[in-house]
Amino acid sequence: MCRLFLLFALLSFSAGARAAQSLTVAVAANLQYTFVDLAQRFTAQSGIALSPVYNSSGKFAAQIQNGAPFDVFLSADTEYPAALAASGHAAGAPRIYAYGQLVLWSRQPGFDMKNWQQSLLSPAVGKIAVANPKVAPYGRESMKVLARLKLDDALRAKLVFGESIAQTNQYIHSRAADAGFTAKSVVLSRQMAGQGQWVEIDRKLYQPIGQAMLITRHGAAGQGKAAQAFADFMAGPEARRILQQHGYLLP
């Protein structure tokens, strides 16, 4: 009887410790809606809870360099994770988990997406939302699109910059901006699907948006096994299926 009680106690302690495991994840804002599905599936499989924080990749990189206690960083590009790895703030080399795609999105009635370049130049369009290119990779690539189409100077006075793609989405969704550039994953999400209209930007106009993840030095020290389990999950078939469903291209 005592042995059975002891076994039950040990199993209960083990289950409790497993359930108590959690990771704090710095999540690039373009993944905001996708991450909900990723987290639910990972936690169901592993019992490890994920606590996401959403912001621009550049801001996260600066915070991690300054000691912010993130265990895992899911960036919207490869440059910020590579810089963190080079400066000793990562447990290993970053790995690309997805490639993001750019779209132009508008919720204004009558916006002509078939001729979106001419629509943006129209006097009827007063504000165009773009994520801040200094800290947000999607904003950086959006500005490259405008430059390659020779629209950057003509549209400069119309541009309004969100601090992240999440704030840019707010501008577009609230119609504070007449149109804006965002991630394809946003317009395909359950939360935004069917709201307004969008067009996919020709991928020849911008660099492939390789999105890389890394386990931080802090994560490896305090939650190494859990962080590695999440990294393995992100490379596995379940995560790849979810990412593809949300409009990402796979590496």
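Brief remarks follow.
- Hits in region 84-95 (condition: open to solvent by less than 50 Å² (accessible area, probe 1.4 Å) and at pLDDT 95 or above): L84, A85, G88, H89, A90, P94
- So A19, is it small (G, A, S), at pLDDT below 95 and open to solvent by 50 Å² or more (accessible area, probe 1.4 Å): yes
- Take the conditions (1) open to solvent by less than 50 Å² (accessible area, probe 1.4 Å); (2) assigned to a helix (DSSP H, G or I); (3) out of contact with any helix residue (DSSP H, G or I) (no Cβ under 7 Å at 6 or more places or on another chain); I64 misses just one of them, which is (3).
The values are calculated or read from the model by the stated rules, or taken from the named source; none is laboratory data. All figures in this text were calculated on a predicted structure; none of them were measured in a lab. A quick note on method: Cβ atoms are made from the backbone with ideal geometry, for glycine too, and the neighbour counts reach across all protein chains shown. Keep in mind that these areas ignore ligands, DNA and RNA; they rest on the heavy atoms of the full protein, side chains included. Shrake-Rupley method; radii C 1.70, N 1.55, O 1.52, S 1.80 Å.
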